1. Sort through ALA828, ALA865, ALA789 and tell me the only one that's under 30 Å from LYS741 (Cβ atoms) and outside the structural domain of ASN711 (by TED's automatic domain parsing).
2. Within the stretch 434-464, which residues are in a loop (DSSP other than H, G, I, E, B) and in contact (Cβ under 8 Å) with a residue 40 or more places away in the chain?
3. Inspect the stretch 505-512 for any residue being within 21 Å of GLY454 (Cα to Cα), part of a strand (DSSP E or B) and touching a residue at least 40 places away in the same chain (Cβ under 8 Å) and give the result as yes or no.
4. Which one of these does ARG1013 not meet: (1) charged (D, E, K, R); (2) modelled with pLDDT of 85 or more; (3) closer than 23 Å to ASN957 by Cβ?
5. Pick from the stretch 954-974 the residues that are in a loop (DSSP other than H, G, I, E, B) and free of Cβ contacts under 8 Å to residues at least 60 places away in the same chain: which of them is nearest to LEU1012 (Cα to Cα)?
6. Which members of the stretch 733-780 meet the condition of being hydroxyl-bearing (Ser, Thr, Tyr) and surrounded by 16 or more Cβ atoms within 10 Å (Cβ to Cβ)?
7. Which of the following residues is under 41 Å from the mean Cα position of the chain (by Cα) and either at pLDDT 95 or above or assigned to a loop (DSSP other than H, G, I, E, B) (or both): ASN582, ASN566, ASN622?
8. If LEU967 satisfies all but one of (1) closer than 19 Å to LEU989 by Cα; (2) at pLDDT 80 or above; (3) exposed (fewer than 15 other Cβ atoms within 10 Å of the Cβ), what's the number of the condition it fails?
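The values are calculated or read from the model by the stated rules, or taken from the named source; none is laboratory data. Fair warning: this is a prediction, and the values are worked out from it, not measured in the lab. Methodologically, a virtual Cβ is constructed for each residue, glycine included, from the backbone with ideal geometry; neighbour enumeration extends over all protein chains shown.
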Amino acid sequence: MLDLCNLFHALEYSRNATIHYIITYTFVMIISKLLTLALLFFVLSDIHTQIRPISFNHLSLHDGLPHNTINDITQDKLGNIWIATDDGVSYYNNNQFKTFKYNKLDSNSIRNNQVLKLHIDNKGKLWLGGKVSLELYDEMTETFQHFYLPNLPMQERVHVIEIYQQNDSTLLIGTDGGGLRCFNTNTYTQKEVLPLDCCDKIGLRVSAIHIDEKERIWLGTLDKGLFVFDPNNNNIKIKSFCANSEIRNIIAFKKDYILVATYNQGLLKVCTRDLTLEPFFSSNANQASPQRIFDLVSSEKYLYIGTDGDGLIKYNYATKENEAYKNYGTNTKSVSNNVIRCIFRDREQNLWLGHFNGGISLARNKKCFTNLNNTPLSNNSLSHSVVTSLLEDNDHNIWIGTDGGGLNFIKNGVLYNANNANSNNIISDKFPKNILALYQDKNSNIWLGSYLQGIYIYNPNDQSIKSFNTLYPKLKLSNNDIRCFMQDRLDKLWIGTNGGGVNIVNLKDKTLQILKKDTSNLNNSLSLDWVRTIFEDELGYIWIGTTYGLNTYDPINKTFRHYLYNENDSGSISGDIIYSINQDDDKQIWIGTEAGLNKYNRKTDNFTHYSVEDGLPSNTINAIINTHNRYLWLSTNNGLSKFGLKDTSFVNYNITDGLLSNSFVNGSFTSSHDGKLYFGSIAGLSYFKPKDIKADTIQIPTILTDFKIQNRSIGIKDTINNRVLLNKSITYTDTVELLKKENLITINYSSLSYAYNDKVEYEYRLLGFSDIWNNNKKKNSVTYTNLKAGTYTFQIRVVDNSIEHPIRNLTIIVLPPFYETIWFKLIALISLIALLNYLYLLRLKILKKERDILQYKYTIKKQEAEKQQISLNDKINDAQKQYEKNEMDYKSAQLISTTVLLTHKNERMTQVKNKISTFCKEADDPALKENLKELIKTIDSEFKVEEDWGRFEEHFNNVHKDFIKRLKEKYPELSHSYLRLCAYLKLDLSTKEIASLMNISHRGVEKSRSRLRKKLNLASEIKLNSFIASI
């Protein structure tokens, strides 16, 4: 086929008529002629595709789809994308697929795996059209309710292939085998829409339904064409179109028109006003006119057409031109295949294509970046992926230099290069393959700098292409590796080389000046000869960026100043490799280095730095463009950045925003007359209008997609630890209760932004554990372990500096084990108190018992001690008494002894006296007698009883204390003699002894005793001695 194409190109563009004539008559070219029209259409339409391409991502079985044949696609109220396939239905949450299939053990599963149609009603409910039933999905429990549509008497089940919302409570159901049915979504009842005769006309295979502005119902069938009728007319009349046509879809087009997609007659346009029909596409050879159409989707600017074999057709309403998107086997960003069964545009205007046996092709609605790249096997693409230089010339053509593919050229929206059929006289083999610099001088000449091949100059006046050496034979460049150009105010052209310094060409007098590093004069020469950029400021100074330092050159005084990085000087330039230099509207100089962006402060002669820490996506600044609206656009090694001069803020863009690559090429940039910015990267060319790049204003919701315990996913009604954790989907669950032992949990989540899914970053926190937001980058799960018992709130959201996105909350209650519950603690406390009280009372009882025992023992001991004490006291008393008795006995004995002695003395003295008296009487001697009388007187003096008594009483009182006193107190009438008698009786003296002591007779003693009894008033039975002894 490629050989035929080459022959065709040779035929189409050959200037040799003879060769053309010969080729025409060859057999091969007969076949080629048959393909000419189709190939011409392909070429022309593909040109536009390259200028405004759509890049597709793919989803297939490998990503989780249940089947690669897609029958329908829709989006639910939450934002999930639902996909109907030939082997089940799935929803996609931007992270994973959740698939539902028939399960004979589950009455709530879908009834058949082939799902043909999806519909979201005006209440947000999802309805599925299946092979055997109509299904209603319950998002809370993820279950299905089934409704069977009756058909002919012998047929119980029909295919539901179309669902259309007629009003708030009514769905019109198109079936394959049962005709048109009406289904009430409130009562779940169904009925016929048309009378039997009308049903016979339209048949049983209703594949498309549409209600126009006049409330007429349009029906498309698979075998009998298109029909329209007014259901409000009592006498229903049906008008038919396109008999026997296979109708696939009907949509509103514009006022009074509808579009009808057919599988055998292409796209038709019907006027609802006069009910006339015509083909939508004209016979213009430049327009694709597919015949086999599966689906249609219309937007404000475009009509998207899904075909069988012709891929996707994008029709521009304004220009009335088509863009064809087909599968290129080597281009992974093309559609999966050329059979597109369904088309869907979601809320973000992402384009979803469902293929037959090709899965899904997804075109994300990125920022307004347009890309050109190199597509192998396609002539109408860039000649090489690496774009090294860019230029818009005075005629508004875009020149594109590549590193290995030579020159590319865009004129009037058409891309030209040496590899495609759109070559013109600008594209020439004379140009080198490696074009590293492009520049148009004030004479409109285009200067092309190459790698090691010097300079080529294109003159637009005579369209000549000549080398520098040809035009300036007397001038010899210092190096042929050219990196940049700049023409100063004196019309001198400055040429930066890679190793040869700066070459300055005076275009007027054709002289050459070379500025290089001079080792003998380092302070007044270039810092290094490897030059990357040259810029002239408003004062006429030339700024030269090299791979070792920034240089300013004064062309008047011919002096240099060098700016190098100094780690000890915070005001020095941040890096030594200088890639780009530009100035803003305030004439402020900005320098891009390998170590960040620098602003030169002319007054202080130092630099202010901006780096990744300040918001740059990369510290390598490859290009700087001033858009003259207080913004600078920077190309870096990690995407583009929009730098706000007013607030020094950065807004960054990368491949997730629609760029071809994040790695841009040093010095490859230009801006056009219409405000577009062009940047070359290692993967192609990206261009855009800054005003079209708007900040995101759509809030991106975050949903929970899975909840795991111990790495086990917990589904609805799943039992864990003998209880059901989730009664509805985790997506709709607000609170989860966990046991303490279930403290290893994983929460999966996803954002429902399909345009920027690969750019979305998340932040989360767990209130009750930490109030700090944690950036989880692009991860879709977070795990927690060893959560203490308590109530927590898990919060997750998309993080974006430009807008605040909604927070998804999930309350997590970690139930304490029974021994940590407040009731258990309360019961335990009460029990403990009761136990302590019991133990206290028991202790008291034991202590009391012990006390009683001790008391008893003490009492016994005391009693024994008391007895012993009593015994001891008795003994002591006895001893005391004995002692007293003994002492008294002793004293009494002494007293008695004394008394006896006294008595004896008295007796002796009496005897002596009597003898002396006898002797005296017998003596004759008067003197002797007188002496004897004196002696008798002396003896009588010894018998002075009172004196003897006094001594006796004193001695008696020592023995018997207070006896005489008590006796006197008790018997005060007793005389002295009776007191003496009582004392003698107390001493238990005999009558004889008393008589002696009292110097009376025995008879006198007895009389005295008798009289004493009377005085004492003693009864006759009371013994006197005993009574006296008791006193």
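1. Among ALA828, ALA865, ALA789, only ALA828 is under 30 Å from LYS741 (Cβ atoms) and outside the structural domain of ASN711 (by TED's automatic domain parsing).
2. Within the stretch 434-464, ASP441, LYS442, ASN443, SER444, TYR451, PRO460 qualify.
3. Looking through the stretch 505-512, at least one residue is within 21 Å of GLY454 (Cα to Cα), part of a strand (DSSP E or B) and touching a residue at least 40 places away in the same chain (Cβ under 8 Å).
4. In the conditions (1) charged (D, E, K, R); (2) modelled with pLDDT of 85 or more; (3) closer than 23 Å to ASN957 by Cβ, ARG1013 misses (3) alone.
5. LEU974
6. Taking the stretch 733-780 first, the residues hydroxyl-bearing (Ser, Thr, Tyr) are 733, 735, 746, 749-751, 753-754, 756, 762, 764, 770.
Matches in the stretch 733-780: THR733, THR746, TYR749, SER750, SER751, SER753, TYR754, TYR756, TYR762, TYR764.
7. Details: ASN582 fails: under 41 Å from the mean Cα position of the chain (by Cα); ASN566 fails: under 41 Å from the mean Cα position of the chain (by Cα).
Just one listed residue meets the conditions, ASN622.
8. Result: LEU967 passes all but (3).
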